[in-house]
Structure formats: C-alpha cells, structure tokens
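Have a look at this one.
The values are calculated or read from the model by the stated rules, or taken from the named source; none is laboratory data. All values reported here derive from a predicted model rather than from experimental measurement. Cβ sites come from the backbone with ideal geometry, for glycine too, and all protein chains shown count toward neighbours. Just the protein is used for accessible areas: all its heavy atoms, side chains included, with ligands, DNA and RNA removed. Shrake-Rupley method; radii C 1.70, N 1.55, O 1.52, S 1.80 Å.
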Amino acid sequence: MVNEKMYDLGSEPSAIRELFAYGLARKAEIGADKVFDFSLGNPSIPAPDAVKQAIVELLDEPPISLHGYTPAQGTPGVRSAIADSINRRFGMKATSSNIYMTAGAAASLAISINAVADAGDEFIVVAPYFPEYRIWIEAADCTCVEVMARELDFQLDLAAIEAVVTPKTKGVIVNSPNNPVGSVYSEENLRGLADVLRVKQEEFGSVIYLICDEPYREIVYEGVNVPYVPALYDNTIVCYSYSKSLSLPGERIGYIYVSERMPEWNRAYAAICGAGRALGFVCAPSLFQGVIEKCVDVPTDVAAYAENRELLCQGLAGLGYEYVEPQGAFYLWVKALEPDEQAFAARAKEHELLLVPSTSFGCTGYVRIGYCVSKETIANSMPAFKALMEEYRG
Ligand code: PLP
C-alpha cells in the first residue's frame, strides 16, 4: 500500500528526537529546572535585532509580492547579495547564477546529492556524522560509505578516504565546523583532501564533488579560521543555512553555491535547479529571502555559546571527563565512562542528563552534549555530572 522504505523511515525512531520528547515529558513531570536536556541543536540565542528590523520593513511591501512566489531558484536580489558577500569574504567570483535558495541545509544537501548522483553511485561521509546524510544518500539510490575521522584530533583521515574512493565515488560530504564533534578542518587537511580527490579524478576519469555542509561556518571560537573549500577545490558545492548563524531554524532558509571555478558549472547549476524541481524544493520562503537580502552580512552572535563552552569544558574537565576541545559549532564530544555509550547515556538519564549516544552519529564510545542551552542549564547540571562520575569512579 505504501513505499516500504519510506514507511520504515517515517516509523523508525530517531534517538535524538525521542530523547527530546522524553525531556519534554520529564520536565512536565518533575519541573523544567530539574531536567538537563542537551539533546538538540536548536539555537538558544535569539535572532539578531537586524532580522526583526528587516521583517518590519518588509511588512510595508505589497503583500502580493511579499508573500508571492519568487523564481524557483530565488529572487535575483537575494542571490546577488549572497554572491557579493561570498566574493567579498572569500575572494571568489560568484554571481547570482551560482546561487540557489533553499529551505535550509537539509534541502540544500538533498538537492545537491540528487543533482549529481546516478543510482548506484557512492558518497563518502566522515564519521562521526550528521545522521541524515545516510537518509538522503540512500533515498537517491546511492551508497553511503563511512570513513572514520582521525582518532585523536578528528581531522579528516586522508589515507582512509583515499582507500575507499572508487570509480563510483560521486562525492565526499564534509561538515566543518562539525556536528557532533565541534572540530574545524585545517587548511592543510582540506588541501590534502583536495589533492587526493584530484588524483583520483584523474585516475578514474571521473568527477568527484566536495559537498560542504556549512550551517556552523560562523560559529567558531578563539579566532579559529574556517577555510573556504571552493578556494581550494574546483568541484565544490556549498550547502549553507541560516538556521544556526542567524538563529532561524524554523524559518527554513539557506542556499546552495555551485562554484564558478567548476568546469561546466552551469550544467551543475542546471542540475541543481532540476533536482530542486524534482524534489519539490522550489521557491524558498519568500519573506525570508527578503530578510536574508537585507541581513546577508549581519554577524553571528557567538558570545553566549563561547561562555557556555567555557563553563561546560571547565566544569567537566574539573570532574575528570575527557572530551574533544571544540573549535566551532555548539556541541561537546565527550568520552563515555564505559565502552557501551548507550548504557552510559542510559545511566546519565537516571541523573536527568539527556546526552545523545555516539551510535546516532555512526561510531562508538562517546556522547554528544549540545550546549546551545541556557547558561543556567549548564551551571545547574554540574552536580548531576559529578554524581554520574562518582557512580563510575567511586
Ligand atoms: N547539517 C548539519 C551538520 C546539521 O547539524 C543540521 C542541523 O542541525 C543540518 C545540516 C540541517 O540544517 P537546516 O536546519 O538548515 O536544515
């Protein structure tokens, strides 16, 4: 009666969503201040005032155009504004013809994968990774090939990637700053990846796309540089989103940038338009296209996340937890206190600490703490983290 693959997708539980739902129910039961929900990546700081200002200004425009359809790929105005911003910031030569407006990074990635893939192609993802990658890859009848990041610093393991590139490899998805680890790939590391892919393209006579998932680009700490991949590798497609940078996850707004340095980029861009059409992702929300046109260079407020990061890292380090020092995004990747991270997360839950086991991200031995929460949540959770540690270490 229905498509079994889609039925399974729609009915199989998502560990992260289940934990979040549990948190809501538990808060209703024992009080919101007694549950420490670190499960989601929902920004905890409000959208900048400039966003509100832009909305207010836009509301004076005639409703027919304000709320009407835009061209499928977005208005020329917002696409030009984004291209100009990319050129100013990263020295590229983009125009509006390289930009396709989307309903956030999720749409950007689903469109990009479908735009370049033929059934049976392979996409490489770097574990630990955002779990939806596999869903989008497999929905395009392609294979998701997992490669672990380097064990100590969670940078790209170039030898491991090289070992799994085949003539069927159509793309590599990289996500930096990274969810769930918080790592930022260095320029040297990304240059190394670009070299590997160029050699493999030559060897196989194929095109391998680097698909850069960048919703956290602006959220970095201590001046860390996030290299711009289109400047390092021509066959790059950037999937951007304003969900995190402007705290607009529910408005569903982002874009795809097809690098103008890509040979025959206009064919790739046409395929992006085609995939957007085939998937029904045409005309991103009109009001928010207008907002982005006005707010394209509004800086991201990372101060609150930086404070949370400091508080959490200091607190957990003092208690003896081991974690990866986050350079960006708003997640802390913490070593579980026993080999079975699911059992560890279950014990944390008994202390009202809602942590996502690393199994959700394709690897073992860790939990993810989302620190896009209030400062109080972090401060008040420390006795629970202490009790959890004592339970293991006595
Ligand atoms: N990619 C990563 C790594 C994410 O963490 C998220 C959201 O949390 C997305 C993509 C999807 O973002 P969006 O809300 O823009 O669809």
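Compute the separation of the alpha-carbon centres of segment 300-317 and segment 109-174 and state it in Å as a whole number.
31 Å
While we're here: When the chain is modelled as a GNM with alpha-carbon springs shorter than 10 Å, which of Ala275, Ala163, Ala117 fluctuates the most?
Taking springs between Cα atoms under 10 Å, the residue moving most is Ala163.
Could you tell me which GluC sites (Glu not before Pro) in segment 72-162 are loop residues by DSSP with no more than 11 other beta carbons within 10 angstrom of their beta carbon?
Here the GluC sites (Glu not before Pro) that fit, given the DSSP loop and packing criteria, are Glu151.
Could you pull out every whole DSSP H run in the chain that spans at least 15 Å of Cα extent along its own axis and averages -0.5 or higher on the Kyte-Doolittle scale?
Helices meeting the criterion: 15-30, 76-90, 104-116, 265-279, 303-319.
Using a 1.4 Å probe and ignoring any ligands, DNA or RNA, find the accessible area of Asp141 and quote it in Å² to the nearest 10.
Ignoring ligands and nucleic acids, Asp141 comes out at about 90 Å².
Based on alpha-carbon positions alone, could you give the equivalent ellipsoid semi-axes of segment 58-141 from the gyration tensor, as √(5λ), descending, whole Å?
Taking √(5λ) for each Cα gyration eigenvalue gives 30, 18, 12 Å.
With Kirkwood's inverse mean 1/r over C-alpha pairs for Rh, give me the Rg to Rh ratio of segment 100-202, two decimals please.
My calculation of the ratio gives 0.95.
Restrict the search to segment 199-272; then list the GluC sites (Glu not before Pro) that DSSP places in a loop and that have at most 16 other Cβ atoms within 10 Å of their Cβ.
Of the GluC sites (Glu not before Pro), the ones in loops of segment 199-272 whose Cβ has at most 16 other Cβ atoms within 10 Å are Glu222, Glu264.
Within segment 49-98, list the trypsin sites (Lys or Arg not before Pro) lying in a DSSP loop whose Cβ has at most 16 other Cβ atoms in a 10 Å radius.
Of the trypsin sites (Lys or Arg not before Pro), the ones in loops of segment 49-98 whose Cβ has at most 16 other Cβ atoms within 10 Å are Lys93.
Something else about it: Using a Gaussian network model on the chain with a 10 Å cutoff between Cα atoms, which of Val373, Val184, Val224 fluctuates the most?
Most flexible of the set in this elastic network: Val224.
Can you give me the Kirkwood hydrodynamic radius for segment 118-166, using every pair of distinct Cα atoms, in Å to one decimal?
The answer is 11.3 Å.
Could you pull out the pairs from Lys294/Lys375; Lys27/Lys52; Lys93/Lys294; Lys200/Lys244; Lys5/Lys200 whose alpha carbons sit more than 23 Å apart here?
Lys294/Lys375; Lys27/Lys52; Lys200/Lys244; Lys5/Lys200
For n ≥ 4 DSSP H runs only, could you compute -39500 (n - 2.57) per run for the chain, divide by its residues and tell me the 222 nm figure to the nearest 500?
Computed ellipticity for the chain at 222 nm equals -13500 deg cm²/dmol.
Taking the chain as a Gaussian network, Cα atoms linked when under 10 Å apart, which of Ile378, Ile237, Ile113 shows the biggest mean-square fluctuation?
The residue that fluctuates most here is Ile378.
How big is the chain in terms of Cα radius of gyration and Dmax, in angstroms?
Using the Cα atoms of the chain, the pair Rg, Dmax is 21.2, 67 Å.
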